[in-house]
């Protein structure tokens, strides 16, 4: 499947389904070849709760970058316990990670955008690509109001960079709608949200934001807003060799 024509057909199939209905449809439509990529953020937790009622089951995986906050690991354990599910942890390739750390140091991402994007590629993008290569569709918790770079996302899209269907069931939800769902359904969530973290990534690259600030302003706060994507949802495929710098 590829191209706008196929996405138009899928949109026609789903019609006016709500988020839970879209997930139930996707579980059957892509049975055995679909998964949720969860950061354990509040949106992904809402989707996880919806998936708990779906059959056939949809696998859930997360990117264990090696630098996640303890609160995120706690949320993983709480989610596993609440729903009785496994959450697959995808880790960086050890050789590629060691090569990057040896050449650039452990905190090179603070130096400039390219160094930060290299770190994101090694720790997040490449493990994601390995997993997506086994799928026909993946589910994300993206919402349009999260960032300028996400303002035009659709509920069903073609992910050209990875060659599969991408579903954003909460694309048109507001933050208030997400939190209303989580609280009314007693969904476990990352406790950093209660400490002023609306968006949570790796510990060194995430901080709390003040009330009224942009919800993504705590991610890579030293960069301009237009740069604030890690590559999971934009850009072309990168191979392991492309993440290594040439020998000097």
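The values are calculated or read from the model by the stated rules, or taken from the named source; none is laboratory data. Here the structure is a predicted model, which means the values were calculated and not measured. In this analysis, Cβ positions are derived from the backbone assuming ideal geometry, glycine residues included, and neighbour counts consider all displayed protein chains.
Remarks
- Unique match (being without any contact (Cβ under 8 Å) to a residue 40 or more places away in the chain and more than 26 Å from residue 189 (Cβ to Cβ)) among 84, 32: 32
- Entry remark, segment 40-57: residues being in a helix (DSSP H, G or I) and either closer than 10 Å to residue 140 by Cα or touching a strand residue (DSSP E or B) at 6+ places or on another chain (Cβ under 8 Å) (or both) number 5 in total.
- Filtered residue count, segment 187-214, keeping only those that are closer than 21 Å to residue 70 by Cα and part of a loop (DSSP other than H, G, I, E, B): 14
- Residue in segment 27-39 that is at pLDDT 95 or above, surrounded by 23 or more Cβ atoms within 10 Å (Cβ to Cβ) and in a loop (DSSP other than H, G, I, E, B) present: yes
- Count - residues of segment 14-26 that are over 21 Å from the mean Cα position of the chain (by Cα) and modelled with pLDDT of 95 or more: 2
- For residue 4, the criteria (1) closer than 22 Å to residue 143 by Cα; (2) modelled with pLDDT of 95 or more hold in every case but one, which is (2).
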